[in-house]
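Worksheet: one structure, shown below.
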Amino acid sequence: MTAALEIRDLRMRRGERDILRGVSLAVERRQLVALMGLSGSGKSTLLRAVAALEPFDGGTIRVGAVQLAAGVWRPPSPDPLRREVGMVFQFHHLFEHLSALDNVCLAPCHVRGDEPAAARERAAALLEQLGVGHRGTARPRELSGGEAQRVAIARALAMDPPLLLLDEPTASLDPARRRALGESLAELADSGRALLVTSHDDDFVRDFADGVVILAHGEAVEAGDPRQVLDAPRHEATRALLAAKSAGE
Amino acid sequence: MDAQPAAALRWAGDSEGGAPYIEADSQNPERVVGLDVDIAELVASELGRPAQFVQISFASLDQSAARGDFDIAFDGIEDTPARRASLAVTVPYYEFREVLTVRAADVARFRSLADLRGRPVATLGGTTAYELLLGAEREHGIEAISYDDDVHPYEDLLNGRVDAVLLDNVIAERSMRRMPGLATQPDAVAVGYYVGILGRDRAELRDRVDGVLRAAMTDGRLEAILRRWLVWNDDQPKLHGRVLQDSFNGPSGDSAATGAPKRSGWTMARQYLPQLLSAAAMTLVLSCLSMGLAVCLGSVIAIGRVYGGRVSRTLLTAYVEVIRGTPILLQLFVIYYGLASVVRLPAFIAALLGLGLNYAAYESEIYRGALQAVPRGQLDAARVLGLGKWQTLRLVRAPQAFRFALAPTTNDFVAMLKDSSLVSVLTVMELTKQTQIFATNLGSWVIPGALCAALYLAMSLPLAHAARRLEARWKVPEAA
């Protein structure tokens, strides 16, 4: 089976700093892979590189049928990468001037060219499915953090990408909402998608991830089944990560 | 005898008016020469005082005289009932004829104002000639065009923007010498007189100046001056004779002593109100159209500077800096007069272009800042969804930038309403110019100024109010 996402020896430099030093990982369909690491370990940058928002300096990224190479991504139009990957940002970046429903409809209408009425119907169904169907007319600033996140997930899902990237989705959620989110994401994986999720939250990763990759100083230092990796850490960085978590509690 | 040196006679005129009245000496531009200079120096020397020239723009001479900025002004100033009512006026020293100048090819066609129905006829604003043209507008259906100077009417006559010019024979003759291809009709439309003007409270000095002028008429010194400047003709000995016999009664029979049956300010205001309103409409229409142009062009420039390549960015930056770094008045002159040999724009179009092109530079800076103020994350989100560069601009970036730009753009619109008064230099009759004419005829700025201010406020206040409402409507409510 070919992976939905395959990263090989990914390298990225910014000035004198090595941000990523040869990271390799793969995410299969129906799999939720968590990317863990201390702040500054390169997690978010890696997601941005997969979405071609950041150029990289070495290695390869393959997203579905699209191969990204080092340097700035100069896609043909329409950009084939966009059919393969969706992204939910840590701070959501919902379009401030549009209602929740219009945020979800925008890409289907203007990128895929859907009928507006049909697109709105599907968008409303997606919002309903994610538990924010009643917030369709609200503007982004009227939404709570959890509601905004669900609208952002709906916006990404509206284009039906096989791979979904989520940057720190658990960061601003209380435990009950974290569980609800985990269940939603697990459902998405079960429905055939691949998910790559950055997180600081080892309980969340234990409960919902199928695999985990630990990043430290731009390298993947440990990877495997979440329960094995997190309950019996072999690498110093993994232990430091778990220690920082328990120190914070 | 008083041992103190006599105080200088401060005399005023406008050296921009040029020969034969007052012009800068080509040998020594610090000095002025001209027939009015010679007359002022003659008067000063007879009064035993040194002459000192004070430069005052022609349109401001009356107001300055009333304020007492100088002792006396000589500058081909016409004797009018309004001046007699508000100022002290000397005996006339020259009789001129208001003559109609046309292109040589039209001599047979346009013999009088009556032949010019529906056609534009130019003159200097605030003069008797302009009043005559306003009369002809009602009587013969001509279109009266007012200029701020007496050179451009003839240039525009030559290049076809107007079909005739009505002005003093002195100016007409000078222009015909300078510009071949013009011809002046022999019959005078009206007759007028040049006088010196002083503040109302300077009657004593005026009487002494009258004495000097009468003496110069008697002994031929005035004739010598007028001959020297090539304006002597058969009308002058007759005028001098009438002045010396004290039988000169001034224009339309009014005398300074009794004053014209003066119309009250409010009566005048009621008469002028329709003209002020139509000038206000001109201001409003011109401002709206110019602002529309400025917003469209400013958006294009801003987008070009944010998205364009190096060459287009450099060119657009140069445009913005040149426009912002030079006076708008200069830009208006270049568009209207400077380009006249290439493209002869009608005054309204030139004004619209001048204001629009100028404001576009300022608008573009607002829009560029607004586009750059849209957070990076919004653009990332659009990109990840697959929106192209222009789709992102149209659907995400521009609508958000629009809100940032709304308040400063409204500010600029209010500024445009007021800056549009500058286009009166292109003969567009807008509110400030009309007010100035009203004030000149009335001899006071109080009522015209108040009416003019009220009309500007009536236009700008609703605009500011509408902007506040729009901003409130689009303001994003705070999260609960």
Would you pick out the residues in the stretch A:78-97 that are in contact (Cβ under 8 Å) with a residue 24 or more places away in the chain, more than 9 Å from every other protein chain (Cβ to nearest Cβ) and assigned to a loop (DSSP other than H, G, I, E, B)?
A:Gln90
Helices (runs of 4 or more DSSP H) enclosed by the stretch B:24-138 - at least 2 residues per element that are touching a Phe, Trp or Tyr at 6+ places or on another chain (Cβ under 9 Å)
B:35-46, B:61-67
Among the residues of the stretch B:384-401, the number that are facing chain A (nearest Cβ under 7 Å) and of a type outside the set (Val, Ile, Thr) is 8
Which ones in the stretch B:201-224 are in contact with a Leu (Cβ under 7 Å, 6 or more places away or on another chain) and under 14 Å from B:Phe70 (Cβ atoms)?
B:Leu205, B:Arg206
Find the residue count for the stretch A:31-82, including only residues that are of a type in the set (A, V, I, L, M) and on the phi > 0 side of the Ramachandran plot.
1
Within the stretch B:121-143, can one find any residue that is without any contact (Cβ under 8 Å) to a residue 40 or more places away in the chain and closer than 17 Å to B:Leu182 by Cα?
no
Identity of the residue in the stretch B:21-41, over 25 Å from the mean Cα position of the chain (by Cα) and under 11 Å from B:Trp11 (Cβ atoms), that ends up surrounded by the fewest Cβ atoms within 10 Å (Cβ to Cβ):
B:Glu41
Unmet requirement for A:Arg17, which otherwise passes all of (1) surrounded by fewer than 14 Cβ atoms within 10 Å (Cβ to Cβ); (2) out of contact with any strand residue (DSSP E or B) (no Cβ under 9 Å at 6 or more places or on another chain); (3) closer than 27 Å to B:Gly388 by Cα
(3)
Which one of B:Leu345, B:Leu371 is more than 10 Å from chain A (Cβ to nearest Cβ) and without any contact (Cβ under 8 Å) to a residue 24 or more places away in the chain?
B:Leu345
Filtered residue count, the stretch B:378-423, keeping only those that are assigned to a helix (DSSP H, G or I) and without any contact (Cβ under 8 Å) to a residue 24 or more places away in the chain:
16
Just give me the residues in the stretch B:397-426 being surrounded by 17 or more Cβ atoms within 10 Å (Cβ to Cβ) and touching a His at 6+ places or on another chain (Cβ under 8 Å), in sequence order.
B:Gln400, B:Arg403
Reported set for the stretch A:98-125 where residues are in contact (Cβ under 8 Å) with a residue 40 or more places away in the chain and either surrounded by 21 or more Cβ atoms within 10 Å (Cβ to Cβ) or under 22 Å from A:Phe56 (Cα atoms) (or both) is A:Ala100, A:Asn103, A:Val104, A:Cys105, A:Leu106, A:Ala107, A:Pro108
Taking the stretch B:402-426 and the residues there that are out of contact with any Phe, Trp or Tyr (no Cβ under 6 Å at 6 or more places or on another chain) and within 13 Å of chain A (Cβ to nearest Cβ), the one that is farthest from A:Leu165 (Cα to Cα) would be B:Leu406
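Any read-out appearing in this document is the output of simple, stated calculations on the displayed coordinates, not a laboratory observation. Since this is a predicted model, take the numbers as computed values, not measurements. Every residue, glycine as well, gets a Cβ built from its backbone with ideal geometry; the counts of neighbours run over all protein chains shown.
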